[in-house]
1. Take every Cα pair under 8 Å in the stretch 17-110 that's 6+ residues apart, average their separations, divide by the length, and report that relative contact order as a whole percent.
2. Which residue, chosen from Val168, Leu237, Ala201, occupies the Cα position most advanced towards the positive end of the dipole of the stretch 113-270, where the dipole is computed from +1 (Lys, Arg) and -1 (Asp, Glu) charges on Cβ about the Cα centre?
3. How much net charge surrounds Gly194 when only the other residues with a Cβ under 13 Å from the Cβ of Gly194 are counted, with Lys and Arg +1 and Asp and Glu -1?
4. Determine how large the accessible area of Trp179 is when every protein chain is in place; take a 1.4 Å probe and give Å² rounded to the nearest 10.
5. Go through Glu326, Glu185, Glu293 and list them by solvent-accessible area, largest first, probe radius 1.4 Å.
6. About the Cα centre of the stretch 17-110, what is the dipole size in debye to 20, counting +1 per Lys and Arg Cβ and -1 per Asp and Glu Cβ, all else neutral?
7. So how much accessible area does Asp63 have, in Å² to the nearest 10, using a 1.4 Å probe?
8. Place +1 on the Cβ of every Lys and Arg and -1 on the Cβ of every Asp and Glu in the stretch 17-110, take the dipole about the Cα centre, and give the residue among Ile90, Val33, Trp101 whose Cα lies farthest towards its positive end.
Amino acid sequence: RAVESQSEGQCAPVDSLWRRYSEFELLRNYLSVTYPHIVVPPLPEKRADFVWHKLSADNMDPDFVERRRIGLENFLLRVASHPVLCQDKIFYSFLTQEGGWKEMVNETGFQLKADSRLKALNATFRVKNPDKRFTELKHYSDELQSVISHLLRVRARVADRLYGVYKVHGNYGRVFSEWSAIEKEMGDGLQSAGHHMDVYAASIDDILEEEEHYADQLKEYLFYAEALRAVCRKHELMQYDLEMAAQDLTSKKQQCEELATGTVRTFSLKGMTSKLFGQETPEQREAKIKVLEEQIQEGEEQLKSKNLEGRDFVKSAWADIERFKEQKNHDLKEALISYAVMQISMCKKGIQVWTNAKECFSKM
């Protein structure tokens, strides 16, 4: 929904509009390619993973769809609060234009800028001088993903045990109610105690739904780990291109020197050809040297440009990574504290239920 007031003469933007999950994916892909140095916020899961097994894993389940809607809204809020991404025109169009938005994205040609997976894999294994900071960042993202995955699995096991405890209270309630029917003198006390147990057992669904909300907050940072690795991969590609350009420049300089001096330092097909079919004429050699000198000049300018681009990327990426870490520390701290407060509240309710039951038993 648009909140900015429009000046006179401008058409008011639509009050609200519909977007499919695939459109959110398109927007995020565009942002990832256009801003490679930024840790782009992740989308919520399309299908339920790390779900507690008593809850539905169906991606059409209304509760899951609502949780995903909240996750998509959170994604938009993350982008809107980012100092760079919030100013993107395509993002603004996503929020304000009913139709023609996909065409606008495709016209940017961002798909052509996307790096192939094969090239990224090649860069990972062939970079000779990787930046230690980005190598450490890759390890950090792997550890972050591993720790949060483990935390989500532990949380699912705790939820399972908690569910069992609440269902035991449900059984207590049923037994006390049945018992009250055959014990006239103790009937009222047993009936009241059973009622407290039933109310406590029935509250488990709301509690686990609230727990799932905290689990979704953890999942967001599980998916953020991949966004961090994407920045690392982009840096590897830039470093790989830089090293290839430097290697090509060195090779051309060597060729130029060999032609100028008439000596061949390394074995080459060209050297063998010269021996078999005779040396080149001075005019041919001069022409080749001239072409190589032009290529060397272009290569030096290209290398200088790539070095500058690499330094700018590192500076921008590191600033955004520091911003991300600060955000992560704040969010996870709040989520874990809220989760602990919720657990304490649940325990207090349990104590109160048994205190109430004790009073019911005492009056019998």
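The values are calculated or read from the model by the stated rules, or taken from the named source; none is laboratory data. Keep in mind it's a predicted model, so treat the numbers as computed, not measured. Every residue, glycine as well, gets a Cβ built from its backbone with ideal geometry; the counts of neighbours run over all protein chains shown. Accessible surface areas use protein heavy atoms only, side chains included; no ligands, DNA or RNA. Shrake-Rupley method; radii C 1.70, N 1.55, O 1.52, S 1.80 Å.
1. Working: 61 pairs, mean separation 30.4, N = 94.
Relative contact order, the stretch 17-110: 32 percent.
2. Looking along the dipole axis, the top candidate is Leu237.
3. Values: positive: Arg174; negative: Glu178, Glu183, Asp188, Asp198.
For residues surrounding Gly194, the net value is -3.
4. 100
5. Details: Glu326 135, Glu185 175, Glu293 105 Å².
Ranking Glu326, Glu185, Glu293 by accessible area, largest first, yields Glu185, Glu326, Glu293.
6. On the way: 12 positive and 13 negative charges, 29 e Å.
The dipole of the stretch 17-110 has a size of about 140 debye.
7. Approximately 100 Å² for this residue.
8. Highest projection toward the positive end goes to Val33.
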